[in-house]
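As structure tokens, the structure follows; a few thoughts come after it.
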Amino acid sequence: MSVEVRIGIRDVAREVAFESAQTPDQVRAAVAEAVSAGTGMLELADEKGGVVLVPVTALGYVELGAHDKGRVGFGAH
């Protein structure tokens with residue numbers, strides 16, 4: 001299961017959005033730890049094995065959403 005992560009960066013119009021293989025609880029813990037430290041980087045892994053680094057001082061917000069795998073077909077439920 002993956003989680004959709006959207007990060008708002010201060011003074012930047014576009015947000016950073018990616019799918020993370022981490023659980024929502026792991027992402028929350030990483031954000032809380034980085035913010036409580038006050039300096040340094042927020043480091044999150046994307047589902048392709050990459051790493052997203054954001055300076056904590058630039059964080060505007062972090063939004064988590066459940067990833068719903070795309071549906072195939074035209075059937076109605």
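The values are calculated or read from the model by the stated rules, or taken from the named source; none is laboratory data. Computed from a prediction, not measured in an experiment: that's the story for all the values here. All Cβ positions, glycine included, derive from the backbone under ideal geometry; neighbour counts span all protein chains shown. Accessible surface areas use protein heavy atoms only, side chains included; no ligands, DNA or RNA. Shrake-Rupley method; radii C 1.70, N 1.55, O 1.52, S 1.80 Å.
Considering region 1-55 alone, what residues qualify as being among the charged types (D, E, K, R), over 19 Å from residue 66 (Cβ atoms) and part of a strand (DSSP E or B)? Walk me through how you get there before you give the answer.
Filtering region 1-55 down to residues among the charged types (D, E, K, R) leaves 4, 6, 10-11, 14-15, 19, 25, 28, 33, 43, 46-48.
Those left that are additionally over 19 Å from residue 66 (Cβ atoms): 10-11, 14, 33, 43.
The one that is among the charged types (D, E, K, R), over 19 Å from residue 66 (Cβ atoms) and part of a strand (DSSP E or B): 43.
State which residue is nearest to the chain's Cα centre (by Cα) when the search covers only region 1-25 and only residues that are within 16 Å of residue 50 (Cβ to Cβ) and free of Cβ contacts under 8 Å to residues at least 24 places away in the same chain.
Ranking the qualifying residues of region 1-25, first place goes to 17.
Of all residues in region 7-42, how many are at positive phi and open to solvent by 40 Å² or more (accessible area, probe 1.4 Å)?
Filtering region 7-42 for residues at positive phi gives 11, 38, 40.
Pick out the ones that are also open to solvent by 40 Å² or more (accessible area, probe 1.4 Å) and you get 11, 40.
Count: 2.
Name the residues in region 44-67 that are free of Cβ contacts under 8 Å to residues at least 60 places away in the same chain, of a type outside the set (A, V, I, L, M) and surrounded by 12 or more Cβ atoms within 10 Å (Cβ to Cβ), would you?
46, 47, 55, 60
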